[in-house]
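Chemist: Sharing a structure, written as structure tokens. Questions coming.
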Amino acid sequence: MISDKDMSELFSKLGIDWKLLIAQAVNFLILLTVLKFTVYKPLLGLLKKRKIKIEKGLEDARLSGEKLEEAELIKKDKLAEADHMALTLIKKSEVRGKELEAELLDKARKKERDLLSTAKMEAERQTEAEKIRFFEEAAGLIKQAIVQVVKSSPEEIDEKLIHQAVAKLKT
């Protein structure tokens with residue numbers, strides 16, 4: 001084993017003063033302790049806070065991404081729902097349009113029937129009026145013919161022939 005004297009000799013040959021070395025070691029330990037409490041712990045605290053802040057930022061980003069995905073799904077659902085509602089409204093409008101068209105056609109047909117009925121009744125009324133005028137003119141002509149026949153030969157007049165002639169004219 002190496003004795004203290006040998007150690008002392010070895011340190012002195014190397015140019016190391018062991019008292020100075022111990023003093024420097026003590027100073028180093030003091031400096032290390034001071035730095036530990038004044039720099040290292042606050043620096044660790046800052047790093048820890050920074051790490052927590054970064055983790056919180058990452059978590060917020062992840063939550064924002066999830067919320068964005070949810071919003072996209074809701075958007076797609078709302079768009080699909082709006083498309084469905086639009087198609088439903090269009091179908092209802094088409095059905096209502098067809099119903100209105102059918103109603104208008106029915107009204108037009110009814111009006112056409114009414115107009116045709118009115119025109120038919122008017123035509124029948126005019127036909128009747130023309131028949132009456134015709135028979136009146138025919139009766140006047142027959143009367144004139146009878147007068148002419150009576151003037152020429154009254155014995156040849158036969159009441160039955162006159163009635164037959166009038167009956168034929170009526171039919």
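Chemist: Among the residues of segment 17-32, is there at least one that is on the phi > 0 side of the Ramachandran plot and either over 60 Å from the mean Cα position of the chain (by Cα) or free of Cβ contacts under 8 Å to residues at least 24 places away in the same chain (or both)?
Modeler: Initial filter on segment 17-32 (on the phi > 0 side of the Ramachandran plot): none.
For segment 17-32, residues on the phi > 0 side of the Ramachandran plot and either over 60 Å from the mean Cα position of the chain (by Cα) or free of Cβ contacts under 8 Å to residues at least 24 places away in the same chain (or both): absent.
Chemist: Could you check segment 21-75 and list, in sequence order, the residues that are under 30 Å from Asp6 (Cα atoms) and either polar (S, T, N, Q) or exposed (fewer than 10 other Cβ atoms within 10 Å of the Cβ) (or both)?
Modeler: Just the residues of segment 21-75 that are under 30 Å from Asp6 (Cα atoms), to begin with: 21-30.
Within segment 21-75, Gln24, Asn27 qualify.
Chemist: So is Arg50 of a type in the set (Lys, Arg), at pLDDT 95 or above and on the phi < 0 side of the Ramachandran plot or not?
Modeler: On the way: of a type in the set (Lys, Arg): yes; at pLDDT 95 or above: yes; on the phi < 0 side of the Ramachandran plot: yes.
Yes, satisfied.
Chemist: Right, next: Restrict the check to segment 32-51 and report whether at least one residue is within 30 Å of Ser8 (Cα to Cα) and assigned to a helix (DSSP H, G or I).
Modeler: yes
Chemist: So for segment 121-129 (the condition being in contact with a Lys or Arg (Cβ under 9 Å, 6 or more places away or on another chain), surrounded by 10 or more Cβ atoms within 10 Å (Cβ to Cβ) and not acidic (Asp, Glu)), does at least one residue qualify? Even if it seems obvious, please write down each step before you answer.
Modeler: From segment 121-129, those in contact with a Lys or Arg (Cβ under 9 Å, 6 or more places away or on another chain) are none; that's our starting set.
No, segment 121-129 contains no residue that is in contact with a Lys or Arg (Cβ under 9 Å, 6 or more places away or on another chain), surrounded by 10 or more Cβ atoms within 10 Å (Cβ to Cβ) and not acidic (Asp, Glu).
The values are calculated or read from the model by the stated rules, or taken from the named source; none is laboratory data. Predicted, not measured: the structure shown is a model, and the values here were computed from it. Neighbour counts are summed over all protein chains in view; Cβ atoms, including those assigned to glycine, are modelled from backbone coordinates with ideal geometry.
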